[in-house]
Amino acid sequence: KVRDALREQREQERMSRTAQATRAVEKKEEAKTKEEIAREKELQQIKNAYLGVKKEKKKAAKISEKFRFAFDWGAEEDTSADLNPLYDKKHEALLLFGRGLRAGIDRREQLSRRDEA
């Protein structure tokens, strides 16, 4: 029983030592990787300086796209209603002097609106 306890204690000590050693090695590898990365960047810059780099060409915009006018603007950009109070209330057309109805719109709703006006 004592031997088994001593063995287990030794194994735990070995495991903790190996864990500490691997952590130390990982830290060294991280430091090396930073140095290696810097070295690789430097080598790449030297290679580009001697061999030249193919730069991506800019796409030339077509003349039709260059002068195309964009017709999309928001309703909040419309300032015409603010100029004159006459334009605040929009006029609804009365079809057949108030007797006609518009197609595609609820008939009852049209009649109720017409009666209110």
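The values are calculated or read from the model by the stated rules, or taken from the named source; none is laboratory data. Nothing here was measured: the structure is a model prediction, and the numbers come from that model. A quick note on method: Cβ atoms are made from the backbone with ideal geometry, for glycine too, and the neighbour counts reach across all protein chains shown. Ligands, DNA and RNA are excluded from the accessible area calculation, which covers all protein heavy atoms including side chains. Shrake-Rupley method; radii C 1.70, N 1.55, O 1.52, S 1.80 Å.
Scan segment 84-102 and tell me whether some residue there is of a type in the set (A, V, I, L, M), open to solvent by less than 100 Å² (accessible area, probe 1.4 Å), at pLDDT 80 or above and part of a loop (DSSP other than H, G, I, E, B). Before you say what the answer is, go through the steps one by one.
So in segment 84-102, the residues of a type in the set (A, V, I, L, M) come out as 86, 93-96, 101.
Now narrow it down to the ones that are open to solvent by less than 100 Å² (accessible area, probe 1.4 Å): 93, 95, 101.
Going one step further and asking which of them are at pLDDT 80 or above, we end up with 101.
Applying the additional criterion that residues be part of a loop (DSSP other than H, G, I, E, B) yields 101.
Among the residues of segment 84-102, at least one is of a type in the set (A, V, I, L, M), open to solvent by less than 100 Å² (accessible area, probe 1.4 Å), at pLDDT 80 or above and part of a loop (DSSP other than H, G, I, E, B), which makes the answer yes.
Here's a check for you: in segment 103-114, which residue that is part of a helix (DSSP H, G or I) and at pLDDT 80 or above is surrounded by the most Cβ atoms within 10 Å (Cβ to Cβ)?
Start the filter on segment 103-114 by keeping residues that are part of a helix (DSSP H, G or I), which leaves 107-114.
Narrowing the set further to residues that are at pLDDT 80 or above leaves 107-113.
Working: 107: 10, 108: 7, 109: 9, 110: 14, 111: 11, 112: 11, 113: 12.
This residue is 110.
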Has segment 24-39 got at least one residue that is part of a helix (DSSP H, G or I), open to solvent by less than 100 Å² (accessible area, probe 1.4 Å) and at pLDDT 85 or above?
yes
